[in-house]
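**Student:** Structure incoming, see below.
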Amino acid sequence: MAEFEPKIIAFCCNWCTYAAADIAGTSRIHYPANVRIVRVMCSGMVDPIYILKAFEMGADGVLVAGCHEADCHYLNGPLKCDAMFEKLKKVVNVLGLEEERLRREMIAAAEAPIFAELIEEMVKQLKKLGPSPFRERVKV
Amino acid sequence: MNLEDIIKETKTYYCLECGKCTSICPVSRHNSNFSPRLMLERALMGFEDELIHDRELFSCLTCYACSHLCPSDVDYPVFTQKVRNLASSQGEHGDCAHSGTLFSLMRLISRSDIKQKRLDWLDGCRTSQKSEVLYFVGCAPYFEPIFQDIEVSPVSIARNSIKILNALGIEPMVLPNERCCGHDLLWTGDVETFKKLAQLNAQMIKETGAKKIVFSCPEGYRTFKIDYPQYVELDCELMHITELLAQNLSTLSLRAKRSNPEVKKVTYQDPCRLGRHLGIYEPPREIIRAIPGMKLVEMEHSGDESICCGTSAWTNCGSYSKEIRVERLLEARATGAGMLVTACPKCQIHFKCAMVDKGAEKGPDIEMEVMDIVTLVANALGGKSGE
Amino acid sequence: MEEIKVGVYICHCGLNIAGTVDVEEVARYAQGLPSVVVARDYRYMCSDPGQALIKDDIKNFGLNRVVVASCSPRMHEPTFRRACQDAGLNPYLFEHANIREHCSWVHDDRQIATEKAKDLVRAAVRRVYYHEPLEIKERPLNPNVLVVGGGIAGIQAALDIANGEHRVYLVEKEPSIGGHMAQLDRTFPTLDCSECILTPKMTEVGQHPFITLLAYSEVEEVLGSVGNFKVKVRKKARYVDEEKCTGCGVCEEKCPWKVDSEFEVGIGKRGVIYLPFAQAIPHVATIDKERCVYFLKGKCRACEKFCDAKAIDFEQEDEIIELEAGSIILTTGYDLFDAGRIPQYGYGRYDNVLTALEFERMTCAAGPTEGKILLRDGRQPESAAIIHCVGSRDENYHEYCSRVCCMYGLKYAHLIKENTQAEVYQMYIDMRCFGEGFEEFYRRVCDEGVNFIRGKVAKVTDVALTEEEQGKLIAIAEDTLLGRIVRVPVDMVILCPALEPRSDAEDVAKLFTINRRADGFFMERHVKLDPVATATEGVFIAGCCEGPKDIPDTVAQASAAAAKALSVISRGRVVIEPTIAQVNEALCQACGRCEEICDFHAPKVISKDGVRVSSVDAALCKGCGACAVVCPTGAMSIRHSTREQINSMVEALLEV
């Protein structure tokens, strides 16, 4: 039987985390291929519907990543994202979504190795946790 | 089901084109692009595409103001519901407020293997594992965090409902993995997911052996009473908490709020689903009149003439919805009442949302207290209600 | 509705992508996607023939959407947008899939990488379906330039722009321009006198008809965007009328109170009313309000009594100046690392441990010792140790190399040799002599008999172990070339401290909406290809605020930033990014949540034909998306990042 490969959707802000992933590429830092990055201009642009839709469509894990508070190109995007995220966490908690499946991180453009490590960590955690209970597909 | 079938089923061919529906419709009053009569006319003339792809198909509040007056007894809301089902199969769904997150949640809740954590708010409430009565909680645990910024607490309504049931000597069961009743999905055309939710709920309720289900949400109540029987079998007596309360007023000792002995004028919003959908107008009024220190004053349009709170199923919520709410709130303020009493969590949410005015240039003054009747009663019971 | 016709192009990027991803397979897969009319793979899509493929297909197939799967959009999105535009297709009908940085370069399994590439292409094709053509509008701009920071970088930039006959506002927070370069004595490797080469430029700035010099001033607020910045500057009160003051200096002579001079780095004094140095521009006095006895106790006013020009004005107030500029250049310079943070070197404890800037003031003929190299007690040193990498190349303080210290360390060695009989010990880890004339200078200093000891000094102590060490400072290091611990007894220790970002760099970055790097200096847009631009349109950086560098590099960057600033304003109009917020008025309920959350004051609830709606000021909106997230009805959306577009990507990525 094939090993369960979790699917991760990562919403990454253009100026910081997306750039960090780019630099991971330029530096040839390898990490698991389970992640698919969706580019947003700012972590403050991430709407809760994107995250809920990801879980609806069968994602096993979702990452929302952007600048550190001091670095945001639009000044306070990370704080706005945090406010959205705190509210959403309460909602998905009622749904019974495990905490490890939805993550909020701040990764600067200069922190490519941290991005790669994070993906490694998420994949390991999600493999242990198993497929999302919201998947309608046959479990492996 | 195709458009012809829908017309036959809802008997819309009886329509006289008299226009009474449009003249009373709150949406038509503010949105000249919407007219129930014209929608029907398009259907009857076979303009299926225009009908299905018209955004205004999703503007109807399904409030029954039209059908209530219709000389041909056309069921316009059900007609709309079924045409929306047709439209949904072609990818149409109107504009979903809150980015469609509520609908996404409903779909997630319909998955079979989930284990929700819905009952953290139960402290102070007495429930039981085996009772004749089941209290249907509804979407309160989800609405609580989602609408925290407009200062409503749907979970307080649930908590206060159980406190009231306790005061009536009932320790109800609550489902730990209760599903959304599916009302919003049904009315916007997603019958498939609605069916799943109905099946899951019916299954769980049967397993409890409950004989009676009490609702504090009129939408859940209406859905179980009128819509579920078409899809699932559930042999339970169904009641809105105001019906139960009105029957048992004598057994409750209600007293005025100690902090404010003056008589408080309040007015009451008839929810569409409780009022025109199910004919329940008097019980909530009896309850208000029974609370010492409360004086009920009626708005210009009350009872079966009541005006809807402006949005149904989070769909096509826009500038016209706001206009409807402003109009209704000005009516409420014109009564001189200091409080608007609601009996539906959605009404409370929509009216409170209309009061949000954060721009530098302010709008009309429509600020007033909006309280659910369950909380009103729980406060008068003397114990802490937590609103 | 028009039929959507998508063209998909998979780039090999030589072997960069094709070496890991089966690009032909991905192209075949793309061909089968809905609405895709043509799918190709090619070696280098960004090349002229690559772009020609797109342009030809647009014409021949009537394509109205284009997807390129190649490197990061941060590299070539503008390239392919331009290609589309050249072929008559709106540039926003293009979407870029990143299958290099995010795929072929980070995964090694060919099958897995190819599957991922297919997912990314599928998502891009789905998203581009929902793209709308967007109009790039233009608006007139303000042709002035604001330069913040009056050191050599700011001076150079201001002159370059002013010589092009554009107005420059040069804001400097100290009472005089000149920055750190004014404090230097000789500059390596030519040993030019710093003041001699700087002063003519400073004078030119002071007299230039196109430069408005706002010294003793600080920027307090920056609003607007490229082409139309609205800036508030606080001109601090000197309590001296600039128009009347002749800079004669009598007031400073007569001032009874003397305090440490910042210019002399604490080894010399100045009056409480003072000119910071002899060649100060503007050449006017300033009263240090915090220390002035009149402000503190209501007494004295001696300066007023002796001022012939009647320039003293104790009633003077700070002035808020509002100005407009089309572009901004930040040249705020550096701070010197506080060597006291490394207690082992004894700075602040021992009298004769000096920092580089202190030594500069010492050797300067106009300085507190009139150019004589002296110990604290007035004697000439018989020996000196110069310690490199103080706070640089050090995990505990700053990882980076400060670039200039090796050279100025050698300069000090040379100056000591030239002016004294002292033995000089250069204690270093590496000798970084990379520039023009640098290696040659190093050879020269070697030939002058300077002792080079390769070893980082661990400690400076005054505890003598031998007769020879009595009364000396002993630098303890391992001479790594000899493999021996050495104790070097000297009279004077000169530390080469790191250059670090200004202590207020975080506040300045926030004020001008720019980022900082991990090391704290301002972040350039691209390390190699755009070193003076920042992520913020219209704001440029130059000099040491961007990272440690010497004077030639600083001047080069300053001129580069000036060129960039000029290219913004010389067109006379600025492009308004169309990827900003827009309001669907039918859905707007005028709740004001958008107005509340926006940091740039772009959306506002207004009355339009009797109806209240939100309205977005296109010039102020940055397209960050925060307002769209808080809008309860979906009335607010961001062009080119709509919910429909992003949702479609999420669906496409997960549906297989």
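The values are calculated or read from the model by the stated rules, or taken from the named source; none is laboratory data. In this text, all values refer to a predicted model and were calculated from it rather than measured experimentally. Methodologically, a virtual Cβ is constructed for each residue, glycine included, from the backbone with ideal geometry; neighbour enumeration extends over all protein chains shown. For accessibility, only protein heavy atoms count, side chains too; no ligands or nucleic acids. Shrake-Rupley method; radii C 1.70, N 1.55, O 1.52, S 1.80 Å.
**Student:** What FRET efficiency comes out for B:Asp73 versus B:Glu192 if R0 is 35 angstrom and r is the Cβ-Cβ distance? Round to the nearest 0.05.
**Tutor:** Efficiency computed from Cβ-Cβ geometry: 0.75.
**Student:** To continue, here is another question. From largest to smallest, what semi-axes in whole angstrom does the range B:1-45 give when each is the square root of 5 times an eigenvalue of its alpha carbon gyration tensor?
**Tutor:** With the √(5λ) rule applied to the range B:1-45, the semi-axes are 21, 11, 8 Å.
**Student:** Here's a follow-up. Calculate the all-directions average of the projected area of the range C:250-306's alpha-carbon convex hull, and give it in nm².
**Tutor:** Result: 3.9 nm².
**Student:** Given a 1.4 angstrom probe, I'd like the percentage of the accessible area of the protein assembly as shown that is carbon and sulfur, rounded to a whole number.
**Tutor:** Details: 23350 of 47530 Å².
In the protein assembly as shown, the share of accessible area belonging to carbon and sulfur is 49 percent.
**Student:** Starting with the highest mean, order A:85-98, B:335-348 by the number of other Cβ atoms within 10 Å, averaged over the residues of each peptide.
**Tutor:** Working: A:85-98: 18.4, B:335-348: 22.6.
Final packing ranking: B:335-348, A:85-98.
**Student:** Work out the mean other chain Cβ neighbour count within 10 Å for the residues of A:67-74 and drop it here as an integer.
**Tutor:** So the per-residue partner count for this stretch is 5.
**Student:** If you take the charge dipole of the range C:1-143 about its Cα centre, with +1 on Lys and Arg Cβ and -1 on Asp and Glu Cβ, which of C:Gln111, C:Ala27, C:Ile54 is farthest toward its positive end?
**Tutor:** C:Ile54
**Student:** What do you get for chymotrypsin sites (Phe, Trp or Tyr not before Pro) in the range A:6-67 restricted to DSSP loop and a cutoff of at most 11 other Cβ within 10 Å of the site's Cβ?
**Tutor:** Numbers: sites: A:Phe11, A:Trp15, A:Tyr18, A:Tyr50, A:Phe55; in loops: A:Trp15.
Sites meeting the loop and neighbour criteria: none at all.
**Student:** Restricting to the protein assembly as shown, what percent of DSSP beta bridges are antiparallel, rounded to 5?
**Tutor:** 40
**Student:** Now for a different question. Tell me, in nm to one decimal, what length is gained between B:Ile226 and B:Lys362 on full extension, where the rule is 0.36 nm per residue of separation less the Cα-Cα distance?
**Tutor:** Between B:Ile226 and B:Lys362, full extension yields 44.7 nm more.
**Student:** How much length would be gained if the chain were fully extended between C:Ala52 and C:Glu644, taking 0.36 nm per residue of separation minus their Cα-Cα distance, in nm to one decimal?
**Tutor:** Length gained, C:Ala52 through C:Glu644: 210.0 nm.
**Student:** Between B:Asp120 and C:Ile476, how many nm apart are label points set 7 Å from Cα along the C-beta direction?
**Tutor:** 5.8
**Student:** Tell me the Kirkwood radius of the range B:291-387: reciprocal of the mean inverse pair distance over distinct alpha-carbon atoms, in Å. Before the final figure, lay out each step's value.
**Tutor:** Working: mean 1/r = 0.0686 Å⁻¹.
Averaging 1/r across every pair of different Cα atoms and inverting gives 14.6 Å.
**Student:** OK, next. For the range C:477-541 and the range C:583-656, what is the separation of their C-alpha centers, rounded to whole Å?
**Tutor:** For the range C:477-541 versus the range C:583-656, the Cα centre distance is 40 Å.
**Student:** I'd like the accessible area for C:Lys604: 1.4 Å probe, protein heavy atoms, all chains in place, Å² to the nearest 10.
**Tutor:** Roughly 100 Å² of C:Lys604 is accessible to a 1.4 Å probe.
**Student:** Follow-up question, since we're still on this one. Using 7 Å Cα-to-Cβ label points, what is the A:Thr26/B:Glu282 separation (nm, one decimal)?
**Tutor:** 7.9
**Student:** Here is a follow-up. Treating the beta-carbon of each Lys and Arg as +1 and of each Asp and Glu as -1, no other charges, what is the dipole magnitude of chain C about its Cα centre, to the nearest 20 debye?
**Tutor:** The calculated dipole for chain C is roughly 880 debye.
**Student:** How large is the dipole of the range C:511-607 about the Cα centre if only Lys and Arg carry +1 and Asp and Glu carry -1, each at its Cβ, rounded to the nearest 20 debye?
**Tutor:** 200
**Student:** Sticking with this structure for a sec: Using alpha carbon centroids, what distance separates the range B:6-25 and the range B:60-80, in Å?
**Tutor:** One Cα centre to the other: 7 Å.
**Student:** List the chymotrypsin sites (Phe, Trp or Tyr not before Pro) in the range C:225-322 that DSSP assigns to loop (not H, G, I, E or B) and whose Cβ has at most 16 other Cβ atoms within 10 Å. Which are they?
**Tutor:** Those satisfying the criteria are C:Trp257, C:Phe314.
**Student:** Measuring from a point 7 Å past the Cα of C:Lys305 along Cα-to-C-beta, which residues in the range C:240-261 have an amide N at less than 13 Å?
**Tutor:** Within reach of a label on C:Lys305: C:254-257.
**Student:** Sticking with this one: Tell me the accessible surface of C:Phe452 in square angstrom (1.4 angstrom probe, heavy atoms of protein chains only), to the nearest ten.
**Tutor:** That residue has around 50 Å² of solvent-accessible surface.
**Student:** Can you list the lysines whose alpha carbon is less than 17 Å from that of A:Lys89, not counting same-chain residues fewer than 8 positions off?
**Tutor:** Partners found: A:Lys53, A:Lys80, B:Lys115, B:Lys117.
**Student:** Next question. Apply the Karplus curve 6.51 cos²θ - 1.76 cosθ + 1.60, θ = phi - 60°, to the phi angles in the range B:201-212 and return the couplings in whole Hz, x for Gly and Pro.
**Tutor:** Result, rounded to whole Hz: 4, 4, 4, 5, 5, 4, 4, 7, x, 5, 9, 9.
**Student:** Need the list of lysines near A:Lys127 for cross-linking: C-alpha distance under 16 angstrom, and skip anything on the same chain fewer than eight residues off.
**Tutor:** Output for A:Lys127: A:Lys7, A:Lys139.
**Student:** 7 Å from Cα along Cα→Cβ at both C:Ala464 and C:Asp318: what's the point-to-point distance in nm?
**Tutor:** Placing both labels 7 Å along Cα→Cβ, they lie 5.4 nm apart.
**Student:** Could you work out how far the C-alpha centroid of the range C:83-119 sits from that of the range C:1-72, in angstrom?
**Tutor:** A separation of 9 Å, based on Cα centres.
**Student:** How much solvent-accessible surface does C:Ile177 expose, in Å² to the nearest 10, with a 1.4 Å probe and all protein chains in place?
**Tutor:** 0
**Student:** Right, another one. Add +1 for every Lys or Arg and -1 for every Asp or Glu among the other residues with Cβ under 12 Å from the Cβ of B:Ile52, and state the total.
**Tutor:** Net charge around B:Ile52: -2.
**Student:** How many Å² of accessible area per residue for the protein assembly as shown, probe 1.4 Å?
**Tutor:** 40
**Student:** Taking the Cα centre as origin and putting +1 on Lys and Arg beta-carbons and -1 on Asp and Glu beta-carbons, what dipole magnitude results for the protein assembly as shown, to the nearest 20 debye?
**Tutor:** For the protein assembly as shown, the charge dipole is close to 2300 debye.
**Student:** Still on this model: Give me the inter-chain shielding for B:107-113: mean count of other chain Cβ atoms within 10 Å, whole number please.
**Tutor:** 6
**Student:** Counting only C-alpha contacts under 8 Å and six or more residues apart, can you give the relative contact order of chain C as a whole percent?
**Tutor:** Values: 1410 pairs, mean separation 84.3, N = 656.
That works out to 13 percent.
**Student:** Please pull out the direction-averaged projected area of the protein assembly as shown, using the convex hull of its alpha-carbon atoms, in nm² to one decimal place. Please report the intermediate quantities before stating the final value.
**Tutor:** Working: hull surface 231.6 nm².
With every direction weighted equally, the projected area is 57.9 nm².
**Student:** Which whole-number value in Å³ per residue fits the convex hull of the alpha carbons of the range C:561-656?
**Tutor:** Details: hull volume 13.9 nm³, N = 96.
Hull volume normalised by residue count: 145 Å³.
**Student:** Starting with the highest mean, order B:7-13, B:208-214 by the number of other Cβ atoms within 10 Å, averaged over the residues of each peptide.
**Tutor:** B:208-214, B:7-13
**Student:** Based on a Kirkwood Rh over C-alpha pairs, give the Stokes-Einstein translational diffusion coefficient of the range C:497-656 at 37 °C and viscosity 0.692 mPa s in µm²/s.
**Tutor:** In µm²/s, the coefficient rounds to 176.
**Student:** Quick one: helix B:319-334 against the long Cα principal axis of chain B, what's the angle to the nearest 10°, folded into 0 to 90?
**Tutor:** 40
**Student:** To continue, here is another question. I want the antiparallel fraction of DSSP beta bridges within chain C, as a percent rounded to 5.
**Tutor:** 50
**Student:** Next question, about the same structure. For B:Met1, C:Met492, give me the order by solvent-accessible area with a 1.4 Å probe, most accessible first, ignoring ligands, DNA and RNA.
**Tutor:** Largest accessible area first, the residues go B:Met1, C:Met492.
**Student:** Now, a different point. Could you work out the mean count of beta carbons from other protein chains within 10 Å of each residue's beta carbon in C:102-112?
**Tutor:** 5
**Student:** Give the span of chain A's Cα atoms along each principal axis, as three whole-Å numbers ordered largest to smallest.
**Tutor:** Dimensions of chain A along the principal axes of its Cα atoms: 44, 36, 18 Å.
**Student:** Once you keep just the Cα pairs under 8 angstrom separated by 6 or more residues, what percentage relative contact order results for the range B:252-381? Kindly include the intermediate steps, with their values, before the conclusion.
**Tutor:** Values: 177 pairs, mean separation 42.2, N = 130.
So the answer I get is 32 percent.
**Student:** Which one of C:Met427, B:Tyr64, B:Leu245 is farthest out on the positive end of the charge dipole of the protein assembly as shown, using unit charges on Cβ (Lys, Arg +1; Asp, Glu -1) and the Cα centre as origin?
**Tutor:** B:Leu245
**Student:** Something else about it: Summing +1 for each Lys or Arg and -1 for each Asp or Glu, what net charge is found among the other residues whose Cβ lies under 9 Å from the Cβ of C:Leu499?
**Tutor:** Values: positive: C:Arg403, C:Lys549; negative: C:Asp335, C:Glu500.
Here the count lands on 0.
**Student:** Have a look at the range C:6-136 and give its Rg and Dmax from the Cα atoms, expressed in angstrom.
**Tutor:** 13.3, 42
**Student:** When N is the residue count of the range C:335-500, what does its C-alpha Rg come to as a fraction of 2.2 N^0.38 Å?
**Tutor:** In units of the globular-protein estimate, the range C:335-500 measures up at 0.97.
**Student:** Relative contact order for chain B using alpha-carbon pairs under 8 Å, separation at least 6, rounded to a whole percent?
**Tutor:** Here the relative contact order equals 18 percent.
**Student:** So who's got an amide H within less than 5 Å of the one on C:Val574, skipping anything under 5 residues away but keeping other chains? H placed 1.01 Å off N, in plane.
**Tutor:** So C:Val574 has HN proximity to C:Arg139, C:Leu141.
**Student:** Ok, one more. Please compare each pair in B:Lys358/C:Lys230; B:Lys212/B:Lys322; B:Lys362/C:Lys236 to a cut-off of 30 Å on the Cα-Cα distance and tell me which ones are over it.
**Tutor:** From the list (B:Lys358/C:Lys230; B:Lys212/B:Lys322; B:Lys362/C:Lys236), the Cα-Cα distance tops 30 Å for B:Lys212/B:Lys322; B:Lys362/C:Lys236.
**Student:** Multiplying the sequence separation of C:Glu221 and C:Gln380 by 0.36 nm and subtracting their Cα-Cα distance, what value in nm do you get?
**Tutor:** 52.2 nm
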